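These notes concern the structure reproduced below.
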Amino acid sequence: MTPAADRRFAFITGAASGIGRATAELFAGRGWWVGGADRDASGLERLREALGPDRCSVWELDVADPADWERVSAEVARETEGRLDLLFNNAGIGVVGLFEEIPLEQSRRIVEVNLLGVIQGIYAMLPLLKATPGSLCFSTSSSAATFAAPSLAVYSATKFAVKGLTEALSVELARCEVRVADVLPGVIDTAIFDTSPVYVGGRELGPTEKPSEVPAAKEGAFRLIAPEQVAEAVLASYEGDPRLHWYVPEEVGEIDREKASGVEAMRDARIAARARGGGLLDAG
Ligand code: NAD
């Protein structure tokens with residue numbers, strides 16, 4: 001392998017699929033070494049085969065498990081000689097349904113993965129980021145962190161928390177020249193819609209009962225977007241665009257701007273839309 005000082009290193013969680021995989025491919029294509037982490041061992045193996053062992057190492061890791069982070073961060077540090085140019089905290093899970101119909105254990109798991117997973121990842125990898133000039137700590141929030149999505153209440157709460165963490169750390173970590181930003185994707189064409197459990201009437205729907213189509217709108221903030229477009233935002237952020245929150249597509253940002261001028265009006269419009277019989281996620 002090329003000496004560490006001449007390479008750039010990215011560590012990406014949720015790299016076996018969707019946004020994480022697209023980002024791993026983009027950065028590896030630019031000559032970066034990519035450390036891919038995920039719970040999905042076979043998906044990781046496919047990633048390593050696609051990118052090749054000179055450009056990619058993979059780690060089976062549960063972002064919710066601090067012991068996994070301790071083990072993996074030490075191994076990554078050995079491989080990169082203590083450097084890390086990009087940490088992409090991207091792994092996440094969803095669960096759809098009315099708040100009280102989702103079992104508490106499921107909601108706890110969402111918090112453990114989507115929020116504690118990000119926090120633990122930053123604790124584990126911060127020494128490497130601090131040791132690397134120009135490094136970036138980037139996380140995946142969601143359009144659910146503009147106006148929170150009904151039927152995704154706890155998911156939305158974790159994504160608001162990630163957005164808040166980004167804002168606070170973007171100021172705190174400026175003292176050690178680690179940049180911090182996040183992305184708020186709209187509806188991205190990934191496996192998450194198939195894998196997220198859906199609860200209706202107090203029970204989980206079976207595979208054949210779940211909506212077969214991704215809940216995307218025909219146009220606007222919630223139109224279907226390819227994961228590669230989110231990957232482009234990560235790269236542009238690393239390359240120096242100073243944006244704190246990346247909205248993909250940009251129309252997602254309009255919700256935050258509109259909300260700033262009247263959150264109650266937005267709430268009332270959403271209640272009215274839901275009463276008219278919007279879909280499960282009321283996208284759009
Ligand atoms: P995806 O299901 O294709 O990929 C998520 C990956 O994370 C999977 O490979 C999964 O195995 C991995 N993962 C899940 N739990 C994990 C854990 N505990 N430890 C390690 N890996 C774990 O979905 P995606 O859409 O690419 O999701 C990536 C991120 O984007 C998530 O944080 C998600 O909340 C966020 N997001 C997705 C959308 C969308 O429309 N797809 C929109 C907004 C935000």
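The values are calculated or read from the model by the stated rules, or taken from the named source; none is laboratory data. Just so it is clear, the structure is predicted and the values come from calculations on it, not from any experiment. All Cβ positions, glycine included, derive from the backbone under ideal geometry; neighbour counts span all protein chains shown. Ligands, DNA and RNA are excluded from the accessible area calculation, which covers all protein heavy atoms including side chains. Shrake-Rupley method; radii C 1.70, N 1.55, O 1.52, S 1.80 Å.
Quick notes on this one:
- Under the Debye formula (equal points on every Cα, no solvent term), log10 I(q)/I(0) of region 9-249 at q = 0.12, 0.15 Å⁻¹: -0.64, -1.01
- Amide H contacts of Gly35: Ala10, Phe11, Ile12, Ser57, each under 5 Å away and 5 or more positions distant or on a separate chain (H built 1.01 Å from N in the peptide plane; Pro and chain starts excluded).
- Cβ crowding within 10 Å averaged over residues, with 36-43, 112-119, 85-92, 242-249 ranked highest first: 85-92, 112-119, 36-43, 242-249
- In range of the label at Gln106: residues from region 206-229 whose backbone nitrogen is under 17 Å from the point 7 Å along Cα→Cβ: 206-212, 215
- Size of electric dipole in the chain: Cβ of Lys, Arg +1 and of Asp, Glu -1, about Cα centre, debye, nearest 20: 300
- Relative contact order of region 9-249, defined on C-alpha pairs under 8 angstrom at six or more residues apart (%): 20
- Descending by average beta-carbon neighbour count within 10 Å, the peptides 174-184, 5-15 line up as 5-15, 174-184, the highest first.
- Remark on region 188-284: hydrodynamic radius 15.9 angstrom, per the Kirkwood mean of 1/r across alpha carbon pairs.
- The GluC sites (Glu not before Pro) of region 1-91 that meet both conditions, a loop assignment by DSSP and at most 16 other Cβ atoms within 10 Å of the site Cβ, are Glu81.
- Atom-type composition of the exposed protein surface of the chain places 54 percent of the accessible area on carbon and sulfur (1.4 angstrom probe).
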